[in-house]
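Asker: What follows is a single structure, and I will ask about it in a moment.
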Amino acid sequence: MSNNNLESEKKMSKKQGEQNSARRTFLLNTARGLGLAALGGLVWSAYVDEVTASQLLLRPPGAIEEEEFLKTCIKCGLCVEHCPFDTLELAKPGDNKPLGTPYFIPREVPCYMCTDIPCVPVCPTNALEEKLVSNDEGELDITKAQMGLAVVDVENCIAFWGIQCDACYRACPLLDEAITLEYSKNERTGKHAFLKPVVHSDACTGCGLCERACVTEKAAIFVLPKEVAQGKVGDHYIKGWDAEDEKRLENAFGEETKTELSERSPMDSLNDMGGLLDE
Ligand code: SF4
Ligand code: SF4
Ligand code: SF4
């Protein structure tokens with residue numbers, strides 16, 4: 001490339017950068033102005049009502065439960081402004097997200113898990129709560145954040161094909177806690193090992209650094225809000241090998257249902273299925 005071309009590319013990219021920054025400032029100021037109007041309870045709540053809250057949105061660290069968050073966040077943009085990595089964005093018209101609320105897309109810019117978590121204390125309404133990102137001593141602790149949970153698509157993760165890849169594992173700021181590598185023999189080749197990434201929900205903060213680092217065209221590991229990513233066992237199953245879980249049986253009560261069939265001995269019932277086999 002000639003020097004002239006290089007210079008003109010540099011100029012174009014500088015101009016584009018300036019335009020983006022001006023647009024961002026404009027959006028923030030607009031959002032902040034309208035957010036203040038919403039203190040009167042009018043403008044933004046009307047907009048939010050018009051948009052269905054996306055269940056798949058990832059909120060900043062410390063965000064309270066989604067329904068409450070939508071009522072509490074005044075769309076001031078302070079969290080966005082204080083994020084040094086430009087991780088957070090405010091939803092704009094056309095984004096199909098609750099307007100003016102902050103969110104992030106890890107594949108584009110993940111949360112870099114700042115130790116001082118500058119996005120949280122600036123929140124004027126506690127839509128982002130410090131205690132949700134604090135340890136038992138009351139100190140800010142980003143490892144307590146629960147922005148979401150990383151999920152591995154085992155059909156498209158190349159490590160599950162037997163190809164060596166640990167990009168997500170290496171990118172994780174909680175190495176060997178939130179993601180570990182599970183070794184197993186590759187029966188197909190007979191001489192290689194699988195090294196499969198396994199996510200641990202008790203440690204994963206949902207920062208999305210793994211999703212950002214994933215080598216596949218569309219990430220084979222991605223962050224979802226916890227309520228979306230996780231199933232729920234319910235009360236009917238107990239881990240018999242877990243003394244803590246077994247304590248749930250202490251207050252359990254049983255209910256016995258008696259039928260004509262259940263009152264007979266099992267052997268009689270098997271030999272004579274209550275007359276069912278005679279028909
Ligand atoms: S913890 Fe840091 S990188 Fe993450 S959203 Fe907050 S300010 Fe941005
Ligand atoms: S989460 Fe808090 S700081 Fe961020 S836009 Fe909403 S009210 Fe403002
Ligand atoms: S970076 Fe992507 S492809 Fe590689 S091990 Fe992680 S999830 Fe699998």
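Asker: What distance in nm separates the simple spin-label points at Lys239 and Ile158, each placed 7 Å from Cα in the Cβ direction?
Answerer: Computed distance between label sites Lys239 and Ile158 equals 3.5 nm.
Asker: Taking amide H atoms as placed 1.01 Å from N in the peptide plane, list the residues 5 or more away in sequence, or in a different chain, whose amide H sits under 5 Å from that of Ile221.
Answerer: Amide H neighbours of Ile221, under 5 Å, 5+ apart: Asp153.
Asker: Would you kindly state how much longer the chain becomes between Asp202 and Glu260 on full extension, computed as 0.36 nm times their sequence separation minus their alpha carbon distance, in nm to one decimal?
Answerer: 16.1 nm
Asker: Which of the pairs Lys71/Lys226; Lys196/Lys247; Lys131/Lys226; Lys97/Lys144 have their Cα atoms more than 24 Å apart in this structure?
Answerer: Pairs exceeding the cut-off: Lys196/Lys247; Lys97/Lys144.
Asker: Another question about this same structure. Quote the Stokes-Einstein diffusion coefficient, in whole µm² s⁻¹, for the stretch 112-201, based on the Kirkwood radius over alpha carbon pairs, a temperature of 10 °C and a viscosity of 1.306 mPa s.
Answerer: Diffusion coefficient, whole number: 103 µm²/s.
Asker: Then there's this: Given points 7 Å out from each Cα along the Cα-Cβ axis, report the Asp136 to Asp166 separation in nanometres with one decimal.
Answerer: 3.2
Asker: Also, quick follow-up: Could you go through the stretch 126-132 in sequence order and give the Karplus-derived ³J(HN,Hα) for each residue, using 6.51 cos²θ - 1.76 cosθ + 1.60 with θ = phi - 60°, rounded to whole Hz, and x for Gly and Pro?
Answerer: Per-residue couplings from phi come out as 6, 5, 10, 9, 4, 5, 6 Hz.
Asker: Follow-up. HN-Hα J couplings of the stretch 205-220 from phi, Karplus 6.51/-1.76/1.60, θ = phi - 60°, integer Hz, Gly and Pro as x?
Answerer: Result, rounded to whole Hz: 9, x, 5, x, 5, 5, 4, 4, 7, 4, 7, 6, 4, 10, 3, 8.
Asker: Oh, and also: Please list the non-local residues whose amide H lies under 5 Å from the amide H of Leu149, H modeled 1.01 Å from N, same-chain partners needing a gap of 5 or more.
Answerer: Counting only residues 5 or more places away or on other chains, the set is Leu224, Lys226.
Asker: I've got another one for you. From a point 7 Å beyond the Cα of Tyr112 in the direction of its Cβ, which residues of the stretch 56-84 have a backbone N at a distance under 12 Å?
Answerer: Those under the cut-off are 83-84.
Asker: Which of the GluC sites (Glu not before Pro) found in the stretch 93-195 are loop residues per DSSP with 11 or fewer other Cβ atoms within 10 Å of their Cβ? All intermediate terms of the calculation are to be shown ahead of the outcome.
Answerer: Details: sites: Glu108, Glu129, Glu130, Glu137, Glu139, Glu155, Glu177, Glu182, Glu187; in loops: Glu108, Glu129, Glu137, Glu139, Glu155, Glu177, Glu187.
Sparse-neighbourhood loop GluC sites (Glu not before Pro): Glu137, Glu139, Glu155, Glu187.
Asker: What list of ³J(HN,Hα) values in whole Hz, one per residue of the stretch 151-166 in order, does the Karplus curve 6.51 cos²θ - 1.76 cosθ + 1.60 (θ = phi - 60°) give from phi, with Gly and Pro shown as x?
Answerer: 10, 9, 8, 5, 7, 10, 6, 5, 5, 7, 8, x, 8, 6, 7, 9
Asker: Under 14 Å from the Cβ of Lys247, count the other residues' Cβ atoms, weight Lys and Arg +1, Asp and Glu -1, and hand me the total.
Answerer: Local net charge: -4.
FYI, it's all coordinate maths here, none of it is from the lab. Note that the structure is a prediction, hence the values are computed from the model and not measured. Here the Cβ is made from the backbone with ideal geometry for all residues, glycine too, and neighbour counts use every protein chain on show.
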